[in-house]
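The values are calculated or read from the model by the stated rules, or taken from the named source; none is laboratory data. Worth saying up front: this structure is predicted, and the values here are computed from it rather than measured. Cβ sites come from the backbone with ideal geometry, for glycine too, and all protein chains shown count toward neighbours. Note: areas computed on protein heavy atoms with side chains; ligands, DNA, RNA excluded. Shrake-Rupley method; radii C 1.70, N 1.55, O 1.52, S 1.80 Å.
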Amino acid sequence: MIDAYTTPWTEVRDRIAGGTTIAILPFGALEEHGPQLPLGTDTIVAVHTARLLAEHFDALLLPAISYGDTWATSGYPGTVGLSPATVTAIAVDIGRAVHSFGIRQFVILNGDFGNRLPLGAAVRALEGEGIATLQLDYPGMDAAIAEVRESVQATGGMNHAEEIETSMVWAAAPETVHPERFAPEYPVFPVDFGLRPLRLHEVSVSGVFGDPTPATPEKGHLLYDAVVAASIPIIERFVAGTTA
Ligand SMILES: [Zn+2]
């Protein structure tokens, strides 16, 4: 694994000459995650996952993007968002840059739901230029969540600042978690939730969606293990498909 942020360029050059072909970009966000978790939650979780994968594949680990498309949480002070077009442009620029010096597979590890569509647009643009790009949105996560979750989910598909995310931050960056502030909030969602854009401060006062109380670092480690195990074969197939 090469951590690009702390490595001289000459070493990157030599490792690419020696056979390193994969670069991994963790794409996070700076957004509210309740009173118990830091604004950098999505970035912390993405970086931790990306580092585990970079170690497995001996890949080039790029410094994280610590901002994302967080329009939905923009009503909470501290959340700092990018427009979708900016998210797309950042990913495209970085993909082009690493491709230019010999990286052959560009992996974007997405840590924030709001980035999904803008990063998908970047994948399409880069693939159109012949730059092999893979977007990972925590494969294996839903099955692992079903195994570990003890609390009731706030609403289908949502794991925001509750048991799951709190466990993952607690495993990766325990010094940033405030267990004495763990408190549930179960918002009442409008009947058309999911069918129109909704800024979440309209439904949750604390920014918690569910219950962080049953969170543990051990659950967080299990979730990382599951996501890494599910991601490895996907990256292997991606690499095989781009080197044939
Ligand atoms: Zn999050």
- Message: Consider region 199-218. How many of its residues are in contact (Cβ under 8 Å) with a residue 60 or more places away in the chain and either open to solvent by 20 Å² or more (accessible area, probe 1.4 Å) or in contact with a strand residue (DSSP E or B) (Cβ under 6 Å, 6 or more places away or on another chain) (or both)?
- Response: 8
- Query: Can you tell me which residues in region 149-170 are of a type outside the set (Ser, Thr, Tyr), within 16 Å of the ligand (Cβ to nearest atom) and either farther than 19 Å from Thr73 by Cα or assigned to a loop (DSSP other than H, G, I, E, B) (or both)?
  - Reply: Arg149, Gln153, Ala154, Gly157, Met158, Asn159, Ala161, Glu162, Met168, Trp170
- Considering residues of region 128-153 that are of a type in the set (Asp, Glu) and out of contact with any Lys or Arg (no Cβ under 8 Å at 6 or more places or on another chain) only, the residue most open to solvent (accessible area, probe 1.4 Å): Glu147
- Task: Have a look at Glu165, Glu175 and point out the one that is acidic (Asp, Glu) and open to solvent by 50 Å² or more (accessible area, probe 1.4 Å).
- Result: Glu175
- Task: Go through the residues of region 90-99 one by one and say whether even a single one is free of Cβ contacts under 8 Å to residues at least 12 places away in the same chain and out of contact with any Ser or Thr (no Cβ under 8 Å at 6 or more places or on another chain).
- Result: yes
- Across region 33-65, what is the total count of residues that are open to solvent by 10 Å² or more (accessible area, probe 1.4 Å) and of a type outside the set (A, V, I, L, M, F, W, C)? 11
- Residue satisfying condition, being over 30 Å from Gln105 (Cα atoms) and of a type outside the set (Ser, Thr, Tyr), within set Val208, Val228: Val208
